[in-house]
1. Tell me, which residue of the stretch 246-256 that is among the hydrophobic types (A, V, I, L, M, F, W, C) and in contact (Cβ under 8 Å) with a residue 40 or more places away in the chain is surrounded by the fewest Cβ atoms within 10 Å (Cβ to Cβ)?
2. For the stretch 135-154: of the residues being more than 16 Å from Ser271 (Cβ to Cβ) and free of Cβ contacts under 8 Å to residues at least 60 places away in the same chain, which is most open to solvent (accessible area, probe 1.4 Å)?
3. Could you say which residue among Asp60, Asp68 is more than 18 Å from Val201 (Cα to Cα) and surrounded by 12 or more Cβ atoms within 10 Å (Cβ to Cβ)?
4. Has the stretch 233-245 got any residue that is aliphatic (A, V, I, L, M), buried (at least 22 other Cβ atoms within 10 Å of the Cβ) and either farther than 26 Å from Lys54 by Cα or within 16 Å of the chain's Cα centre (by Cα) (or both)?
5. Any residue that is modelled with pLDDT of 95 or more and among the charged types (D, E, K, R) - is there at least one of those in the stretch 248-263?
6. Going through Ala124, Ala172 one at a time, which residue ends up being modelled with pLDDT under 95, assigned to a helix (DSSP H, G or I), open to solvent by less than 60 Å² (accessible area, probe 1.4 Å) and more than 14 Å from Tyr242 (Cα to Cα)?
7. What are the pairs, 6+ residues apart or on separate chains, where a residue within the stretch 11-28 that is over 16 Å from Ala199 (Cα atoms) has its Cβ under 7 Å from a residue that is assigned to a helix (DSSP H, G or I) and open to solvent by 30 Å² or more (accessible area, probe 1.4 Å)?
8. Can you tell me which residue within the stretch 180-199, out of those that are under 15 Å from the mean Cα position of the chain (by Cα) and open to solvent by less than 20 Å² (accessible area, probe 1.4 Å), is nearest to Ala73 (Cα to Cα)?
Amino acid sequence: MAWLRAAITYGLFPTVFFSALALAFWMLGEGVQHSYILSATVLPAVVIVFAGEKLHPEHDVWNASQSDVVTDAVHNLVSQMLLPEFLKVFLLGAMLALAQHVSAWYGGTLWPASLPLPIQLVFAMLFSQFWEYWAHRLAHTWPPLWRLHATHHSPGRLYFFNAGRFHPLDTAIAYIVTTVPLVLMGAPDDIVLLYTVWAGVHGIFQHCNIRLRLGPLNYVFSMAELHRWHHSRVLEEANSNYGNNIIFWDLVFGTYFLPKDREAPVDVGLSD
């Protein structure tokens, strides 16, 4: 079984992530509805990560329930399913109208639509994550926002299901700072869909209790090795690795943190 554990450690995330994106690109080319594409890419990732946590956990103790599953289920239902749908209805309509005014003023769309779709996706990730990086960083340093964001840092373990544990207002802020800039720039629906696939699959892995080692990819993705430090009880360690889907802006602004001489802590959560 040593070969299987090694394959999981070094190959599971890149295999699943890039396969999900490739499937999404192919299904878009075939004209499949966006909702089906999202289900076909994210749901299999959930099943794979669930199995991976049982087969090859980072910490066995994190697989033991802390009477948190129901709490995490409610947070996922409210903050990750119902609230985004609400915001789509009541926010995106207004933003689309504003985007049309911006386009009319500019004399065309601001979005680099002539670029190949994969490059547009990378641009969308860099552009939207710049705003989310600063919103996330402010949530750690400004007390009114920290009172909301502390909800996400409250669990005493990390596993895939508590990736969705957010205060609803915290979720709303993150949705606004990532989605609104893309809409105002005139990003097409296909790019928003691909962005959602990236964020969905990546987010499931980011909190997972699987022993993953990404090597050089830790300079691209804000993956579990980095994110576990972000959930440290030590403030100096937790105030780092703010990127949610890419780590680029942490590298730019000096908040990248991945010590080579020690492992991320098992004891995570809030210090007080």
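1. Step one: of the stretch 246-256, the residues among the hydrophobic types (A, V, I, L, M, F, W, C) are 246-249, 251-253.
Now narrow it down to the ones that are in contact (Cβ under 8 Å) with a residue 40 or more places away in the chain: 246, 248-249, 253.
Numbers: Ile246: 23, Phe248: 20, Trp249: 21, Phe253: 14.
My answer is Phe253.
2. Trp142
3. Working: Asp60 fails: surrounded by 12 or more Cβ atoms within 10 Å (Cβ to Cβ).
Exactly one of Asp60, Asp68 is more than 18 Å from Val201 (Cα to Cα) and surrounded by 12 or more Cβ atoms within 10 Å (Cβ to Cβ), namely Asp68.
4. Step one: list which residues in the stretch 233-245 are aliphatic (A, V, I, L, M), which gives 234-235, 238.
Among the residues that remain, those that are also buried (at least 22 other Cβ atoms within 10 Å of the Cβ) are: none.
Checked the stretch 233-245: no residue is aliphatic (A, V, I, L, M), buried (at least 22 other Cβ atoms within 10 Å of the Cβ) and either farther than 26 Å from Lys54 by Cα or within 16 Å of the chain's Cα centre (by Cα) (or both).
5. Looking only at the stretch 248-263, we keep the residues that are modelled with pLDDT of 95 or more, and these are 248-259.
In the following step, the residues that additionally are among the charged types (D, E, K, R) were identified as 250.
Within the stretch 248-263, one or more residues are modelled with pLDDT of 95 or more and among the charged types (D, E, K, R).
6. On the way: Ala124 fails: modelled with pLDDT under 95.
Residue meeting the stated conditions: Ala172.
7. Met27/Ala40; Leu28/Asp190
8. The initial filter retains those residues of the stretch 180-199 that are under 15 Å from the mean Cα position of the chain (by Cα), namely 192-199.
Of the ones still in play, those that are also open to solvent by less than 20 Å² (accessible area, probe 1.4 Å) are 193-194, 197.
On the way: Leu193: 24, Leu194: 25, Val197: 21 Å.
Ranking the candidates gives Val197 first.
The values are calculated or read from the model by the stated rules, or taken from the named source; none is laboratory data. Please read these numbers as outputs of a predicted model, since none were measured by experiment. Neighbour counts are summed over all protein chains in view; Cβ atoms, including those assigned to glycine, are modelled from backbone coordinates with ideal geometry. Calculation scope for accessible area: heavy atoms of the full protein, side chains included, ligands and nucleic acids excluded. Shrake-Rupley method; radii C 1.70, N 1.55, O 1.52, S 1.80 Å.
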